[in-house]
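Each remark here refers to the structure printed beneath this line.
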Amino acid sequence: MIAAILTGVRLHMKQASRNPFDLSGVVVWPILYASIAYYLLDAKHDPKLLLSASLGAAVMLMWSLVVIASSGTLEQQRWQGTLELVVAAPTPLTAVIGPICVGGALVGTYGIGATLLWGALLFDVPVSIQHPLAFAVAIPAAALAVGMLGLIMAATFVLYRAAFHLGIATQYPVWIVTGLLVPLSLLPAFVRPISWLLAPTWGFRGMQEAAIGGTPWPDIGMCFVLSVVYLAIGGTCLVAFEYVARARGSLRLT
Amino acid sequence: MTNTFRVVFVGGLTSYRALFGWISPWIFIPHTLGYPIFEILFFAYLGRFAGVQSDQFFLIGNAFLAIAVTGMFGMGHATAGERRSQTLAALLASPANRFAVFLGRAVPSILTGCIVAAMSFSICAAILGVHVDLSSVPGLLLATGASAFACTALGLCLGALGLRGRNVSVFADVITACMLVVAGANVPLHLLPAWLQQISACIPLTHGIEAARAIANGASISGTLDPLLKELLIGGIYLVIGLAMLRFFEYEGRRTASLETF
């Protein structure tokens with residue numbers, strides 16, 4: 001099972017890294033969002049704000065890639081008629097779909113490099129990481145947690161053939177409520193408790209605190225805790241929704 | 001001529017009805033409306049945080065982006081969808097006018113885009129507390145129509161690329177993303193570098209958004225004729241380019257037998 005998961009992550013990362021067209025999207029999207037933030041914030045006097053914006057844009061991409069990878073892959077398998085084979089295989093569906101989500105999130109880490117480089121070259125954003133070790137741990141921790149959150153989403157994708165559209169629709173709401181570019185203090189009060197439940201909040205905070213100086217370890221710890229919780233919820237949902245999809249005979253419908 | 005209209009309208013209606021055979025309205029409507037609503041709110045709050053421009057600035061810019069998305073993706077997906085379902089070769093073997101075939105598939109999604117833009121505009125205006133005078137509605141509709149035309153024309157170019165390449169959706173996605181910055185939807189044009197301002201003057205949506213913002217601020221239609229005409233002119237140029245590309249890539253697709261590659 002562990003071999004299946006590791007191979008799955010490696011395979012999906014390689015697949016996602018093969019197509020230059022797809023990769024261009026991976027690089028361009030976070031750069032554009034970071035650019036909008038740079039132009040609007042115009043924070044030459046506060047370089048930390050721009051560094052935060054870079055990291056926020058990168059985590060935005062991470063979430064997008066998780067939903068696009070998981071929903072897109074399932075949709076692709078529906079079209080190719082291989083989804084039933086994947087479901088019928090003895091390997092648990094969680095071990096097949098989980099790596100797709102985590103692989104997508106790890107591809108999203110390209111965005112961190114892209115936005116930091118873009119910011120440094122064009123907007124003079126100083127790239128100085130205060131806690132390099134914590135930053136190095138925060139990135140995979142964020143990818144894991146965001147990927148596992150995607151697993152819960154993916155469970156619904158098994159059930160609905162319009163999975164891709166459902167996935168895309170969750171991008172902006174998650175970007176808003178996790179405070180990636182807009183501080184949560186500006187949003188209505190009810191948003192804050194929601195943000196605590198979502199991995200991008202902690203993943204971003206972990207990277208931000210590690211980069212600009214602060215206490216990143218509690219946020220990194222929350223990423224690991226949430227990953228376990230998401231895995232339990234996502235795994236259970238996948239089993240339940242797989243049963244419903246089998247009962248309805250809807251796996252193959254394109 | 002009658003045949004062309006039949007292909008546009010009957011073909012388009014059939015294609016649109018087929019959409020709901022694939023996706024439930026219970027998913028389609030929240031998805032189609034939810035995306036632009038949250039996009040507008042995201043950028044409006046970012047604007048508030050940055051302390052630049054008003055909520056109205058982001059409301060209009062992003063509502064118009066919703067039109068761009070549907071216009072460009074409607075045309076782009078028209079060919080990409082046929083390729084994916086392996087019907088592109090059969091479709092191109094038919095004697096029907098190509099432009100009519102693909103326009104028929106795009107028109108319903110463009111109309112949906114305009115309705116979605118209007119609804120998300122109204123909902124977000126209520127959420128953000130933005131007041132737009134009723135007298136400006138006709139002018140806004142005019143700007144909407146001009147922008148929808150220009151974006152669809154650009155979408156035709158992307159759709160033509162779909163006769164040759166497989167990943168036109170990703171490309172359309174990147175173009176839309178660039179419009180977030182370059183078309184002035186979220187970043188005031190004067191903040192952009194000069195070379196980027198020159199590009200923004202040549203792409204769809206820039207002048208449409210400019211006209212819409214002026215109209216919402218009280219300008220008359222006659223006072224915004226200049227940007228409206230520019231938007232239509234840009235649309236016309238992209239339409240001509242798109243038609244030429246459609247012809248060229250169909251010829252290339254037949255010559256290299258690449259129409260069914262996926």
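What net charge do the residues around B:V10 carry, taking every other residue with its C-beta under 15 Å from that of B:V10, with Lys and Arg at +1 and Asp and Glu at -1? My count for the surroundings of B:V10 gives +3.
For region A:9-118, the pair-distance distribution built from all alpha carbon pairs, in bins 5 Å wide starting at 0, is 2, 13, 19, 20, 15, 11, 8, 6, 4, 2, 1, 0 percent.
In chain B, if the dipole is taken from +1 on Lys/Arg beta carbons and -1 on Asp/Glu beta carbons about the Cα centre, which of B:P188, B:I67, B:G162 is farthest to the positive end? Sorting the options by dipole projection puts first B:G162. Residues in region B:65-77 carry Karplus couplings, in order, of 5, 4, 5, 4, 4, 6, x, 6, 6, x, 6, x, 6 Hz; the curve used is 6.51 cos²θ - 1.76 cosθ + 1.60 with θ = phi - 60°, and Gly or Pro positions show x. Just to confirm a number: summing +1 for Lys and Arg and -1 for Asp and Glu over residues other than B:G104 whose beta-carbon lies under 15 angstrom from that of B:G104, what do you get? Every neighbour counted, the sum reads +3. One equal scatterer on each Cα of the protein assembly as shown, no solvent, Debye formula: the resulting log10 I(q)/I(0) at q = 0.09 Å⁻¹ is -0.65.
With each run of n ≥ 4 DSSP H residues scored as -39500 (n - 2.57), what mean residue ellipticity at 222 nm is computed for chain B after dividing by its residue count and rounding to the nearest 500 deg cm²/dmol?
On the way: 10 runs with 204 residues, N = 262.
That calculation yields -27000 deg cm²/dmol at 222 nm.
Ordered by the count of other Cβ atoms within 10 Å of each Cβ, fewest first, B:D133, B:D173 give B:D133, B:D173. Inter-chain Cβ neighbour count for B:30-38, averaged per residue, equals 4 (cutoff 10 Å, partner chain atoms only).
In region A:2-248, a dipole from Cβ-located charges (positive for Lys and Arg, negative for Asp and Glu) runs towards its positive end, and of A:V191, A:S71, A:S227 it is A:S71 whose Cα lies farthest in that direction. A simple packing score, the average count of other Cβ atoms within 10 Å per residue, orders the peptides B:134-147, B:4-17 as B:134-147, B:4-17, with the highest score first.
Ranking B:P227, B:L46, B:L205 by Cα position along the charge dipole of the protein assembly as shown, where only Lys, Arg, Asp and Glu carry charges on their C-beta atoms, puts B:L205 farthest toward the positive end. Sorting the segments B:65-78, B:200-213 by their mean number of nearby beta carbons within 10 angstrom, highest to lowest, gives B:65-78, B:200-213.
In whole Å, what is the distance between the alpha-carbon centres of region B:201-262 and region B:28-48? Result: 24 Å between the Cα centres. Binning all Cα-Cα separations of chain A at 5 Å, short to long from zero, yields these whole-percent fractions: 1, 7, 13, 18, 19, 16, 11, 7, 4, 2, 1, 0, 0.
To the nearest 20 debye, what charge dipole does the protein assembly as shown have about its Cα centre, counting +1 at the Cβ of each Lys and Arg and -1 at the Cβ of each Asp and Glu?
Numbers: 26 positive and 20 negative charges, 248 e Å.
Computed charge dipole of the protein assembly as shown: roughly 1200 debye.
The alpha carbon centroids of region A:120-163 and region B:50-128 are separated by 30 Å. For A:A4 and A:S128, compute 0.36 nm times the residue count separating them, minus their Cα-Cα distance, and round to one decimal in nm. Result for the pair: 40.9 nm of gain on full extension. Taking the Kirkwood radius as Rh and the Cα radius of gyration as Rg, chain B has a ratio of Rg/Rh equal to 0.99. For chain A, the mean residue ellipticity at 222 nm estimated from helices alone is -27500 deg cm²/dmol, where every DSSP H run of n ≥ 4 contributes -39500 (n - 2.57) and the total is divided by all residues, rounded to the nearest 500. Cα centroid separation, region A:176-194 to region A:205-242: 18 Å.
No value in this document is a laboratory result; all are computed from the given coordinates. Predicted model only: the values in this text are computed from it and were never measured. Cβ: placed from backbone, ideal geometry, glycine included. Neighbour counts: every protein chain shown.
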